[in-house]
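Just so it is clear, none of the values below were taken in a lab; they were calculated from the coordinates. No experiment lies behind these values; they were computed from the predicted model shown. Note: ideal-geometry Cβ built from the backbone for every residue, glycine included; neighbour counts use all protein chains shown.
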Amino acid sequence: MIELSHVSKHFGEETAVDDITLRIAKGKFCALVGTSGCGKSTTLRMINRLIEHSAGEITLDGQLIENYDPVKLRRRIGYVIQSTGLFPHWTVARNIGLVPRLLKWSGEDVTSRVSELMNLLGLPVAEFAHKYPHQLSGGQAQRVGVARALAADPDILLMDEPFGALDPITREKLQDELAKLQARMHKTVVFVTHDMDEALKLADHLVVMRDGGIVQQGTPLALLQHPADPFVESLLGGLERGLKQAALTRIKDHMSSLGPTLPAQSRIPGDFSLRQALSMMLRDHSDRLTVVDQQDVPIGELSLRKIVKEAQLDKG
Ligand SMILES: Nc1ncnc2c1ncn2[C@@H]1O[C@H](COP(=O)(O)OP(=O)(O)O)[C@@H](O)[C@H]1O
Ligand SMILES: [Mg+2]
């Protein structure tokens, strides 16, 4: 649905984005990762035409973005930035209702949409609707930013380091909520971050950029298994790569059926990750775990030997 074909951006002498080609399928979550200054934000802002590209083609659903009516484009694309960009003298409710008002929705429709979004993002209307941005914590302000971006129900969401300024705990909470929200909404998301763990956790499609170009792209697991070069490998955590891969793998996919021997002492739910299983094995000095379902009923077992062997197979 979003397609960039040989797209470049020059600022005078400088090339910020250099001949990138990228396809993002409808409903997918794409993360752009790379060190500061590699062209991530410029790429994002060319998609909603905050920046005009210098060369190449950008299309939405096969239509060149320059052929879209700007109002229609704004309706289709939500945009969230790190500093939230909320208007300081407007209440939370007024900030969230910005785009629907620009689109001339009726007052009633705006009010009900604002309430719906505030509830969706865990901001009780009675408590927050009349607050001003300076009365909010960083995490609350970022929720308002996301609510505002979703207000006109766009099918595309562009997010530029939205959680970059938050403390680690708030950040992780908002990542989890975004993942849940995305599982329900199926927006097409382009998400910029320099935090690889955040990207691995959220993305269906991972794009690694360097010096304005794309070095490698693919699923998080594919990149973890076959990083294209030492740069990508180091971004992916070098020696930690195996554990990051384990974090993306569910226990259920690697367990074997319950054997005739006694079940292992330690129990772990099947929807936990292999990384969590490995951690439990280390903690409990055990190379075998009993896998249980949500009712705590044993459904299989997990052996360290098998995990290690299969990890090697995946690599080959
Ligand atoms: N408006 C601008 N004018 C001149 N140079 C710019 C402008 N915006 C970005 N750049 C340059 O383009 C490069 C890529 O910037 P950016 O896309 O913001 O990187 P990132 O988001 O990955 O940190 C940087 O070298 C930056 O200095
Ligand atoms: Mg940036």
At 1.002 mPa s and 20 °C, Stokes D of the stretch 51-162 from Kirkwood alpha-carbon radius, µm² per second: 145 µm²/s
Dipole-positive endmost among Val7, Thr261, Ser279 within the chain (Cβ charges, Cα centre): Thr261
Simple label model, 7 Å out from Cα along Cβ direction - Arg241 to Ser115, nm: 5.3 nm
Residue with peak Gaussian network fluctuation, the chain [Cα springs, cutoff 10 Å], from Gly138, Gly122, Gly164: Gly122
Among His205, Val114, Val71 - extreme Cα towards positive end, dipole of the chain, charges at beta-carbon: Val114
Given charges at Cβ of Lys, Arg, Asp, Glu: the stretch 36-179 dipole, positive-most of Ala93, Ala55, Pro168: Ala93
Over the stretch 249-315: Rg over Rh, Cα atoms, Kirkwood Rh: 0.93
In nm, spacing of pseudo-spin labels at Arg184 and Gln63 (7 Å Cα→C-beta vector): 3.0 nm
Nitroxide proxy distance, nm - points 7 Å out along Cα→Cβ at Leu50 and Lys306: 4.9 nm
Phi to ³J(HN,Hα) by Karplus 6.51 cos²θ - 1.76 cosθ + 1.60 over the stretch 206-219, Hz, x for Gly, Pro: 10, 10, 9, 10, 8, 6, x, x, 9, 8, 7, 9, x, 6
Computed [θ] at 222 nm, helices only, for the chain once each DSSP H run of length n ≥ 4 contributes -39500 (n - 2.57): -11000 deg cm²/dmol
Full-stretch length increase - His10, Ser106 - with 0.36 nm per residue and alpha-carbon distance subtracted: 30.4 nm
Virtual paramagnetic centre 7 Å along Cα→Cβ of Gln135, amide N under 13 Å, in the stretch 61-93: 89-93
Fewest-first ranking of Val146, Val297, Val192, Val215, using other Cβ atoms within 10 Å as the exposure measure: Val297, Val215, Val146, Val192
Inter-centroid distance (Cα atoms) of the stretch 214-263 relative to the stretch 66-124, Å: 38 Å
Cα centre as origin, Lys/Arg/Asp/Glu Cβ charges: the chain dipole, Debye: 600 debye
Computed lengthening from Asp195 to Asp211, 0.36 nm per intervening residue step minus Cα-Cα distance: 4.0 nm
Test item: Cα-centred dipole of the stretch 94-225, Lys/Arg +1 and Asp/Glu -1 on Cβ, debye: 380 debye
Under 28 Å from the Cα of Lys131 - lysines, other chains or at least 8 residues apart: Lys104, Lys173, Lys180
Net length gained if the chain between Asp271 and Asp287 were fully extended (0.36 nm per residue, minus Cα distance): 3.9 nm
For the chain, diffusion coefficient by Stokes-Einstein and Kirkwood Rh (Cα), 10 °C, 1.306 mPa s, µm²/s: 73 µm²/s
